[in-house]
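The values are calculated or read from the model by the stated rules, or taken from the named source; none is laboratory data. Only a predicted model underlies this, so the values are computations on that prediction, with no experimental measurement involved. All accessible areas refer to the heavy atoms of the entire protein, side chains included, with ligands and DNA or RNA removed. Shrake-Rupley method; radii C 1.70, N 1.55, O 1.52, S 1.80 Å.
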Amino acid sequence: MTPLLKIVIGLISGVLGLGYLYRPDLIERMNAVLRDYLLNDAYIALERKKWGVFFLLVSFLFLYTGWSALTR
């Protein structure tokens, strides 16, 4: 995986994590579009904090590995 791709994935995960934590209404709108294919309303409502923390941790992981590979 290239370092720039890791940074992009990290930024996307960070935005998703912050969205889950601070703007669940935006996530619910996105969920309305994807509801039939990937997501379940009850699961999103009950687990939003866990998903938010998960995406932030994934974001930090990808940002760190991407940045460290770029600065070598």
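Our compactness index for the chain, the C-alpha radius of gyration over the empirical 2.2 N^0.38 Å, is 1.24.
Entry comment: accessible area of the chain is 76 Å² per residue, from protein heavy atoms only and a probe of 1.4 Å.
Rounded to the nearest 10 degrees, the inclination of helix 24-34 to the longest alpha-carbon principal axis of the chain is 80 degrees.
Entry note, the chain: the mean residue ellipticity at 222 nm calculated from DSSP H runs of n ≥ 4, each adding -39500 (n - 2.57), is -29000 deg cm²/dmol after division by the residues and rounding to the nearest 500. Element breakdown for the chain at a 1.4 angstrom probe: carbon and sulfur atoms account for 70% of the accessible area.
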